[in-house]
Structures are given as C-alpha cells and as structure tokens.
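Trainee: The following block contains the structure, expressed as structure tokens.
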Amino acid sequence: MPEGVVQASLLRRSSAYLIDLAILLIPLLAGVWLLASTGFAPSLELGLVGLGALIFLAALYGLFLASMLSREGQSVGKRLTGLRVLSSSTGQAADLGSTVLRGAVFFAGILALGILPIITAIALIKKRPDAELSYHRLAGSRVLDIRAGVDPLNQEPAYYPPYPEQWASPAELAPIAVFPPAAPYASTHLAAPAVPDRGQTENAASQPKKAGAARWAVPLGQAVAMIAVLGLLSSGVAWGASALQPRPPVQGDSTEFSAAVLAQKVVPLSNYSGPGFPGYAQGPAWHQKVSPNAVTISVQAGTFIFDNRTLSILNNATGKKLSTQVLDGKVDVAQETEFDGERGLMWKIGNTLRAWTPKMGTKPALKVSIPAESKISAAGSNLMIQFPNGKIYTLTKTGLLQLTVPADEEAIGVDGNKLLSAKFSGPLAISSPNGKEHATVTLKAPQEGQQIVDWVTVGHGLAILTWSELPESKEPANPITVAVYREATGELLSTLPTTRARIDESPTWLRGQGFAWASYANYIYDLSTGWPILDVKAQGIDLSGIFADGIAGEKEQGPVFLQQDNSWIYAAVTPLAITGGGVIVRTKDNELQRFTSTG
C-alpha cells in the first residue's frame, strides 16, 4: 500500500453497508408483501416458488455487488461514502473469489451470531483504530477512506510547471530578482526582465483537476436505477406467482369445478378459547340442565330432549318449553322434515311414526302406523315412505297420503306436494300426488359420451347425478363426474370430476342441519348455488356433522369447527344446531346453552 492511505471508520463502513442493503430491501420487501397478499393461495407451493425466486434475486444482487467490488473496489454504497476495498498484498481491487468469500463470511456471522460481529468490530476499532475486521483479514483486504487519504487506484501524477521560472514562488525568487548584479560603482543597474505570466493561460490542460459535486451524481443515479430494476423484478415475481394460482370458478364462469383447486384450498386454523362456540360468544341467552342419558336434537323447529319416556320441546330463541310429548318406547330414528309447509321433526318408535311442528303447540304429535319393513326417505323436503308392497306415501297434517308413481319409473323423493321420479336413464319426472299432472325435465350429460352411473339424490330443489364413460366400472381410478342440476329446469349448476375411489369413501349425499350445506364424497356443497366449495379431506378433518354454513369434525389437535374461510379448534361443548342467529350447544356438564353471534 502507498503512503498516505487512511483506514475507513466504522461509521463510514456502516453507512455504505446500509445504503447497499437499502437498495435491495426497499424493492424486495415490497415484492414479499405483494407475494404474501396473493401468491400463497390456494396453492402454497406456488407461493414458496415465488419466495425462492425472490431469494435467488437477492443472491444475484449480492453477486453483482461482488463483481463491482472486484473491478473497482467499490459498491454503490462505498462510492457514495468515499470508500474503497483493496487487496492488502497488491493494492488493487480484490479478485471475485476473495470478495465472495468475504461477503459469505460476513453473512454467515450475522446469521449465526446476530449482533455479536458488530459489537466485536466496535470493540476492535476502539482498541486498534488501524486494525482490520476479521472477515477482511481472512480475505486479505482493507477498507480505505479515499476522501481522507490517498486513493491507490487514482493517484494524481507529480505536476511540474512547463517553465523553469514557474518552479519557484515569487517569494523564493525575490532575493535574485536583479540580473545582472549591480556593480559597486554603478549609479544604475539593469532590472531583471519580468517573468511572463504564462502558467495561467498556456498549457492549462496540464493543471491538476479538482473533484466536484459530480462524484455524487453517478453513484446516486446507479442507486436509483438499481432500486427500479429490483422493484420491477420483485413485483414481477409476485405478480407471476399470483397469476399462476388456479382460480375457482365464480358466478358467470364455467360450471366445471376443479378437484385440484378445491384440494389446494386450506382454510386457516386457529385456537378458540372464548365462551360459547366460535363466532357465537354472546351469552348464554338461556341454559337448561338435562339428564346425562338424555338424547338432544336441535333443528329449526326447536330443541328436542328425549329423556326416558318424555320428550320436551324447547323454543330455540328463549329456551321456554313449547310442548311435552309422551314416549311409548325407544326412539329408532329422528329426522328433520317438513309437512304442510312447516319445518318440524319426525321420530319413529317401532311401527309408529310421530311428527311435530310449532303450529301444534302443546297438542299431541301427529301419529301414524306403518308396516315394519317400510323404508323412509328424507331425500326431498318432505318424507317419502315406501311400504313393503311398493306403494309410496308422504306425511301430511291429516296422516299418510298415497302418491301415484308414473309407470316404469322409480320414486326418488317428495318436494312439497310433488313426487320426484325417473327412469334410470332419465329424464326426471315431476308429478302431482294423483299423477294427473306430469312434467319431465331433461338432465344432459356433462360431457359427450358419458352415461349415468347413479341417481345420488333429488330434492330440495336440486338433482345430483354421477356420470362416467365407463358407468359399470368398479375400478378405483375410474373417472366419475358429479353433476348438480336445478330440479325444476334441468339447468346444470356444477360439475366436479373425481374418481370411483373418492366417491366410495362417502357415497351418501348428506344434507346438514338447516339445509344450507351438504356433503358428498367428502366435498362440501352450498345448497343455495349447487357449487362444491370445500374439500373436507384436504382439510384433514373427519366429518361428524354439518351445521348451517359450517361443519364440525375431528383433527389431530382436537374437535374443529370449519366455515368457508376460517376454522377453529374448540373444546368443552358439543354443537347441536346453528339457527336464528345463534348456536345451541351441550356442555360436558350436560347443560344446554344458547349463544348468539358476535358478528
């Protein structure tokens, strides 16, 4: 190193480092924010790829700085602060390998020891101002302040004026200003000729140049340009990850839904430790103690408590008792249903059906007898009862009503006062109870060449069928399409391609309490639109019940309640129903409680 070099201070070094870091972090953090906003859902993998691309971009920036340092010994930050990094042995810019090694050691030290390298550097420089930091010593380099001292790469050449008489100052020339010397006897003397002022106008190009404000302009422009380029690249990465995300269809899009998209949507999970139930923390509005052996069912019509030989029916909103019914045996099945236009509950004891709606008040429940081998279907909004002799009935306020099934068709369900039936190959038939009024609805195959595999269910305004090009195949991988139609018109609302294996996991169409959601093949459907909205299997949930627009189930962490955009781990209660802006739960202490929405 030449004489006159000055070691850079820690303050100047830190300023240069922070400038270089800011050039990277300002655009990079903006890119990370954009990526976090839209780049991770529904595909987490695409978001991780985008994050990896941003890390790679940061690494490229590091290599770019290393190349600048290996050429001139200066990064943008060091140019702005007047520093230069040079090899201790050669006095020239360090080679690229040494520069990368120096940066890697510094970065590893920061990652491994946090703030310790900075503390060590401060202590070292306070103790020995001329000492170099460890990673610079390892790479054999020094950081110089080229504004306070000599710049080894830009030493100004020695300057000599072109005329000998300009080599000395006027003060130095004063003693010899007379030529030739005056004789002792001379009364006059000859004055020396004036020295021409030639240095100011002649050979002006040979004068040393002075540094000006321009030294700030170039590196500042470089900094702005680099921030702009990195910003464009970072935002491009974030936009690309977002643009490549698969998008579920929305209203007006194609009716075909993607099982892959549904599988990629993972609903956020959090712990719920508040009172009541997730989303319903106000209350309890009422509470009612029940026997440990009591069976409790809550539906839209009320809360039903089956306890030994007594059925108590409570008002969902107030908890007041609406009716008390006598039970003459063990209840075999209970089902929410509708008859005469009002929601209620049906329960079966032996060969007897009973049904109650709020209009009945304290009166005894409707009671009808059916043969022992009768089949009861709740596919539609009303019950459909098939006697062993094949005759079809539904329940009305006056008792059983026989329905006329069109010839060569099979009864599927009852919606209101309409019988739903079909031949296996279609179409869907909608007829009056006596069969005199009869209409057919064509349900078209989702794709050409597909045939019906099964009529899954018809009722509540929807018809659900499965289709395949190989309808008889039992192979697990056989492609099957689940199609949802509007019952009255045959309009195709949604299609979901899946496999035989997936359908066999959960082959029953299960409508939830409140008739808002349903499940099939471990997919959740919104009954208001006919669209599949969630993949229960992808959420890692073992489904146990559907309550309005949410599902309850089990995860490894415990019981979970999931809605379309959020899910919670909860404890201490069992949900019975979500209805009328509130939830009814049963606690571990066998108490019924109602909580209202906090929204």
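The values are calculated or read from the model by the stated rules, or taken from the named source; none is laboratory data. Model, not experiment: these values are computed from the prediction. Don't worry about glycine lacking a Cβ; one is built from the backbone with ideal geometry, like all the others, and counts go over all protein chains shown. Accessible surface areas use protein heavy atoms only, side chains included; no ligands, DNA or RNA. Shrake-Rupley method; radii C 1.70, N 1.55, O 1.52, S 1.80 Å.
Trainee: Roughly speaking, to the nearest percent, how much of region 280-597's 1.4 Å accessible area is carbon and sulfur? Can you show the working numbers first?
Mentor: Values: 6770 of 14220 Å².
Carbon plus sulfur share of accessible area: 48 percent.
Trainee: Roughly how many Å² of R71 are accessible to a 1.4 Å probe, to the nearest 10?
Mentor: Rounded to the nearest 10, the figure is 150 Å².
Trainee: Continuing with this model, one more query. Under a Cβ-Cβ cut-off of 9 Å, what is the net charge of the residues other than A93 that fall near it, where Lys and Arg count +1 and Asp and Glu count -1? Walk me through the numbers before you get to the answer.
Mentor: Working: positive: R71, R84; negative: E72, D95.
With Lys, Arg at +1 and Asp, Glu at -1, the net is 0.
Trainee: How large is the accessible surface of R500 in square angstrom, using a 1.4 angstrom probe and rounding to the nearest 10?
Mentor: 30
Trainee: May I pose another question? In Å², what does the accessible area per residue of region 280-597 work out to with a 1.4 Å probe?
Mentor: Working: 14220 Å² over 318 residues.
Ligands and nucleic acids excluded, the result is 45 Å² per residue.
Trainee: What net charge is computed for the residues neighbouring K367, neighbours being all others with C-beta under 13 Å from the C-beta of K367, Lys and Arg scored +1, Asp and Glu -1? Numbers along the way, then the final one.
Mentor: Working: positive: K348, R354, K363, K397; negative: D328.
Charge balance near K367 sits at +3.
Trainee: Within region 389-476, list the GluC sites (Glu not before Pro) lying in a DSSP loop whose Cβ has at most 13 other Cβ atoms in a 10 Å radius.
Mentor: Details: sites: E409, E410, E437, E448, E469, E472; in loops: E409, E437, E448, E469, E472.
Counting only loop positions with at most 13 other Cβ atoms within 10 Å, the GluC sites (Glu not before Pro) in region 389-476 are E437, E448, E472.
Trainee: Now a separate question. Hey, any idea what % of region 6-50's accessible area is carbon plus sulfur with a 1.4 Å probe? Please report the intermediate quantities before stating the final value.
Mentor: Values: 1930 of 2360 Å².
Summing carbon and sulfur atoms, their accessible area is 82 percent of the total for region 6-50.
Trainee: With a cap of 14 neighbouring Cβ atoms within 10 Å, and only residues DSSP puts in a loop, list the trypsin sites (Lys or Arg not before Pro) found in region 308-386.
Mentor: Numbers: sites: R309, K320, K321, K330, R343, K348, R354, K359, K367, K375; in loops: R309, K320, K330.
Sites meeting the loop and neighbour criteria: R309, K320, K330.
Trainee: May I ask for the equivalent-ellipsoid semi-axes of region 280-597, computed as the square root of five times each C-alpha gyration tensor eigenvalue and listed largest first in whole Å? Before the final figure, lay out the partial values.
Mentor: Details: eigenvalues 225, 148, 50 Å².
Equivalent ellipsoid of region 280-597: 34, 27, 16 Å, largest first.
Trainee: Continuing with the same structure: Working out 0.36 nm times the residue gap between A36 and D340, then minus their Cα-Cα distance, what length gain in nm do you get to one decimal? Walk me through the numbers on the way to the answer.
Mentor: Working: separation 304, 0.36 × 304 = 109.44 nm, distance 5.27 nm.
Gain on stretching A36 to D340: 104.2 nm.
Trainee: Which loop-located trypsin sites (Lys or Arg not before Pro) does region 430-492 contain, where loop means any DSSP state but H, G, I, E or B and the Cβ has at most 15 other Cβ atoms within 10 Å? Before the final figure, lay out each step's value.
Mentor: On the way: sites: K436, K444, K474, R486; in loops: K436, K444, K474.
Passing both the DSSP loop test and the Cβ count: K436, K444, K474.
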